[in-house]
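Novice: Structure incoming, see below.
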Amino acid sequence: MNANGKPKGQRGKISPSIMCSPLFDLEKNVREFERLGIEYLHMDVMDGRFVPNYMLGTDFIRQLRALTRIPLDVHLMVERPEDVVDWFGFAPGEYVSFHYESTVHAQRVCGKLKDMGAKPMLALNPATPLAALDYLLPDVSAVLLMTVNPGFAGQKLVPQTLKKISDLRLMLDERGCSQIEIEVDGNVSPENAVKMRSAGADIFVAGTSGVFLKGKSLEQSVAEFRECIK
């Protein structure tokens, strides 16, 4: 077993944040991610109400899905996700996260996503307690722990979230849910990724702190990031 309790050989996965890619470089970057064996492409959907920003709509996501075979990892930062999940045409194998605070019908959202073949993921803001998962673990395939408050790129890590990762990993293992993956999103720099991996994170949303780095090629930054999440 590794230090984080995972079987040896089970490496961390990278999910580059597409909103951090310049639009004029998008297809080139996607092709590079394919070549580099990237596991997921992270897509942020923001409605300007649940978070104070707008980002990435249905047509953009459909077009990206048609562009690549890399599974999408769609993060819904929207109010009442149960009203909009049908708009996206989610495909089998895609992760779709929604926030605990965004709906009073979390099981309904999970059920809709499963009916589409997608994998439900519950997103927890930095201050949202892990107790929110108490009656939802049978319904989710993964948990997204926000390590910054959502809405904008370039924020600093909320330090308490490192302990939250390890607390969640322990909780999942103790409840016989070790198969549920932990994704982390927010200031996932190489330095922070080492700590997050050690705490038990599995999937790393890599944006301007992770793989879209000034002065480095994607090949170089991805290779360096992989070394941090082995």
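Novice: Express as a percent, rounded to the nearest 5, the fraction of DSSP beta bridges in the chain (both residues included) that run antiparallel.
Specialist: 5
Novice: I've got another one for you. How much length is gained on full extension from Lys156 to His105, taking 0.36 nm per residue of separation minus their Cα-Cα distance?
Specialist: Fully extending the segment from Lys156 to His105 adds 15.2 nm.
Novice: Taking amide H atoms as placed 1.01 Å from N in the peptide plane, list the residues 5 or more away in sequence, or in a different chain, whose amide H sits under 5 Å from that of Ala206.
Specialist: Ser15, Ser17
Novice: Just how far, in whole angstrom, is region 22-44 from region 53-115 if you go by their alpha carbon centroids?
Specialist: Distance between centres, Cα-based: 19 Å.
Novice: Sticking with this structure for a sec: Please report the antiparallel percentage of DSSP beta bridges with both residues in region 1-126, rounded to the nearest 5. If you can, show how the numbers build up before the last one.
Specialist: Numbers: 2 of 18 bridges.
The answer is about 10 percent antiparallel.
Novice: What's the carbon and sulfur percent of region 17-164's accessible surface, probe 1.4 angstrom, rounded to a whole number?
Specialist: Answer for region 17-164 is 55 percent, counting heavy atoms of protein chains only.
Novice: Multiply the residue separation of Leu136 and Arg35 by 0.36 nm, subtract the distance between their alpha-carbon atoms, and state the gained length in nm to one decimal. Can you show the working numbers first?
Specialist: Numbers: separation 101, 0.36 × 101 = 36.36 nm, distance 3.62 nm.
Between Leu136 and Arg35, full extension yields an extra 32.7 nm.
Novice: Moving on. About the Cα centre of the chain, what is the dipole size in debye to 20, counting +1 per Lys and Arg Cβ and -1 per Asp and Glu Cβ, all else neutral? The partial results should precede the final answer.
Specialist: Details: 27 positive and 29 negative charges, 124 e Å.
Here the size comes out at about 600 debye.
Novice: Which value results for Rg/Rh of region 14-145 when Rg is the Cα radius of gyration and Rh the Kirkwood radius based on the inverse mean 1/r?
Specialist: Radius of gyration over Kirkwood radius for region 14-145 works out to 0.96.
Novice: For region 74-128, what are the per-bin percents of Cα-Cα distances with bins 10 Å wide, up to the bin holding the maximum?
Specialist: Going out from 0 Å in 10 Å bins, region 74-128 shows 27, 60, 13, 0 percent.
Novice: Here is a further query. Which three lengths, in whole Å and largest first, does region 7-58 cover when its Cα atoms are put on their principal axes?
Specialist: Computed over region 7-58, the largest-to-smallest principal extents equal 42, 30, 16 Å.
Novice: Related question: Each label point is 7 Å from the Cα along the Cα-to-Cβ direction; what then is the distance between the points at Arg49 and Arg80, in nm?
Specialist: 0.6
Novice: Give, in whole angstrom and from largest to smallest, the semi-axes √(5λ) of the equivalent ellipsoid of region 91-230, with λ running over the eigenvalues of the Cα gyration tensor.
Specialist: Computed over region 91-230, the values are 26, 17, 15 Å.
Novice: For the chain, what is the accessible area per residue in Å², given a 1.4 Å probe and the full set of protein chains?
Specialist: Working: 10330 Å² over 230 residues.
Ligands and nucleic acids excluded, the figure is 45 Å² per residue.
Novice: Find how much the distance from Lys28 to Lys216 grows on full extension, using 0.36 nm per residue of separation minus their present alpha carbon separation; answer in nm with one decimal.
Specialist: Stretched fully, the Lys28-Lys216 segment lengthens by 66.2 nm.
Novice: So what is the 222 nm mean residue ellipticity for the chain from helices alone, if each DSSP H run of at least 4 adds -39500 (n - 2.57) and you divide by all residues, rounding to the nearest 500 deg cm²/dmol?
Specialist: One gets -8500 deg cm²/dmol as the mean residue ellipticity at 222 nm.
Novice: Let me ask you something else. Return, ordered by residue number, the residues of region 210-230 whose backbone nitrogen is under 14 Å from a label point located 7 Å along Cα→Cβ of Arg11.
Specialist: 219-230
The values are calculated or read from the model by the stated rules, or taken from the named source; none is laboratory data. From a predicted model like this one, the values you see are computed outputs, not experimental measurements. Positions of Cβ are backbone-derived with ideal geometry, glycine not excepted, and every protein chain shown enters the neighbour counts. The accessibility values were calculated without ligands, DNA or RNA, using every heavy atom of the protein model including side chains. Shrake-Rupley method; radii C 1.70, N 1.55, O 1.52, S 1.80 Å.
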